[in-house]
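Below: one structure, written as structure tokens.
The values are calculated or read from the model by the stated rules, or taken from the named source; none is laboratory data. What you see is a predicted model, and the numbers here were worked out from it, not measured in a lab. Positions of Cβ are backbone-derived with ideal geometry, glycine not excepted, and every protein chain shown enters the neighbour counts.
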Amino acid sequence: MIDVSIPQWGLTMDDAVLEQWFKKVGDTVSQGESLADIETDKITSELEAPVSGVIAELLVGDGDTVTQGQIVARIDES
């Protein structure tokens, strides 16, 4: 399992909101594919899949507040 975590997009980023997942558990994803929109106080960015595989878990829901480094999903590479 590969953890998907929230990156830091700026020097002052403390938290953000995971606006919307584009994938659900069981969906196949490719490395670099957009998984969700993340909104900070300054920008909205896409969270990308770090590897190719199948979404095994989504650990937060749409609209949840997340922090830099927080694990929000897991991808099964097998």
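Which one of E33, E48, E57 is touching a Gly at 6+ places or on another chain (Cβ under 7 Å), among the charged types (D, E, K, R) and modelled with pLDDT of 95 or more?
On the way: E33 fails: touching a Gly at 6+ places or on another chain (Cβ under 7 Å); E57 fails: touching a Gly at 6+ places or on another chain (Cβ under 7 Å).
Exactly one of E33, E48, E57 is touching a Gly at 6+ places or on another chain (Cβ under 7 Å), among the charged types (D, E, K, R) and modelled with pLDDT of 95 or more, namely E48.
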Fill in the blank from the handout: Checked against (1) surrounded by 17 or more Cβ atoms within 10 Å (Cβ to Cβ); (2) over 20 Å from I2 (Cα atoms); (3) of a type in the set (A, V, I, L, M), L47 satisfies every condition except (2)
Problem - Residues that are over 13 Å from the mean Cα position of the chain (by Cα) and either modelled with pLDDT under 95 or of a type in the set (D, E, K, R) (or both), drawn from the stretch 16-30 - result: D27
Practice task
May I ask you to list pairs of residues, at least six apart or on different chains, whose Cβ atoms are under 6 Å apart, with the first in the stretch 6-17 being more than 20 Å from R74 (Cα to Cα) and the second being assigned to a loop (DSSP other than H, G, I, E, B) and at pLDDT 75 or above?
Solution key: M13/T40; M13/Q68
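For the stretch 23-78, give me each residue that is touching a residue at least 60 places away in the same chain (Cβ under 8 Å) and of a type in the set (S, T, N, Q). Talk me through it step by step, then tell me what you get.
Of all residues in the stretch 23-78, those touching a residue at least 60 places away in the same chain (Cβ under 8 Å) come to 66-77.
Residues satisfying the conditions are T67, Q68, Q70.
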